[in-house]
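For reference, the structure is listed below as structure tokens.
Read-outs throughout are calculated quantities, based only on the coordinates presented, and are distinct from any laboratory measurement. These numbers were taken from a predicted model, which means no experiment stands behind them. Cβ placement follows ideal geometry from the backbone for every residue including glycine, while neighbour counts extend to all protein chains displayed.
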Amino acid sequence: MDLTTLRREQNYMMNQWITSRPIAHRGYHYQGILENSKDSFLLAIKYRLNIECDVRLTKDNIVVVFHDNDLLRLFNVERKVSDLTLIEMKQISDNQILSLQELLDLVQGQVGLVIEIKTESIFQSFTEKVITVMDNYNHAFALKSFNMFSLLRIQRLRPDFLIGKVLQKDKSLKNFFNQVAGFFVTEDFNSISYQRPVTRKRSVPQLNWTITSLEDFKKVKVPIFEQIPEDELLTIYNPDLYELLDEPDSLE
């Protein structure tokens, strides 16, 4: 099978899973459940929600699931992720922070994964580390980033990987060059704030973040949501969600 055919078939499969159910932003977290934590991922799996998460690199060169570049907001610790080892991050978070490999071992294809690579560098050694981790994961996943150089690297090294652009309306010079690089990226989907829609020339799935109310949840075709309590979420008349909750099988 040639690469073009493989890509086409992969895209068809992608459209089946990435738009088939709501996406839990940084895992299904609310109240006392920490974002991008083991508990948030277990809850998303329980309700068969696709998972969106973020990855960064630790001091000991391990790809870790974490959004911010430091621990101040979540743990009131004034240290950067890049200055901490994975073990140190686990100790601070009471073992709730996972490496990307640990997340893959936890999910194992029960739901889809949309993984955002958090890097602003034009050098892509971190992106290559993410690729290495994902190489042996034979289940539904996609990689996305604000950084178009990161997406270009994935596109060149792993054209069979599904990739998505995280779009933003930023008029800075830095983002201008980033957008120029983006013209050379053939994305499989876009991710954009539901409050700041962007018109795209090509028809690709659009994932909308971040939905925090039932009203907006019901309006958006593919909602990336957070902070909606379980009892409220399950009261939504959403036949697709109810059907998925009753399904015994996985995405495989």
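What's the local net charge at S37, with K and R +1, D and E -1, over the other residues with C-beta under 10 Å away?
-1
Does region 3-246 classify as rounded, prolate or oblate by the C-alpha gyration tensor (a ≥ b ≥ c root eigenvalues; a/c under 1.5 gives rounded; else a/b over b/c gives prolate, otherwise oblate)?
The shape class here is rounded.
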Fewest-first sequence of M148, M89 by Cβ atoms within 10 Å of each Cβ: M148, M89
Starting from the Cα-Cα distance between D70 and Q227, subtract it from 0.36 nm times their residue separation and give me the gain in nm to one decimal. 54.4 nm
Using a basic spin-label model with each label point 7 Å from the Cα along Cα→Cβ, how many nm lie between Q168 and L234? 3.6 nm
Cross-link pairs K90/K218; K144/K218; K38/K80; K38/K165 - those with Cα-Cα distance over 31 Å: K90/K218
For N175 and S82 in the same chain, what is the full-extension length gain: residue separation times 0.36 nm, less their Cα-Cα distance, in nm? 31.1 nm
If r is the Cβ-Cβ distance from N136 to K59 and R0 is 35 Å, what FRET efficiency results, to the nearest 0.05? 0.90
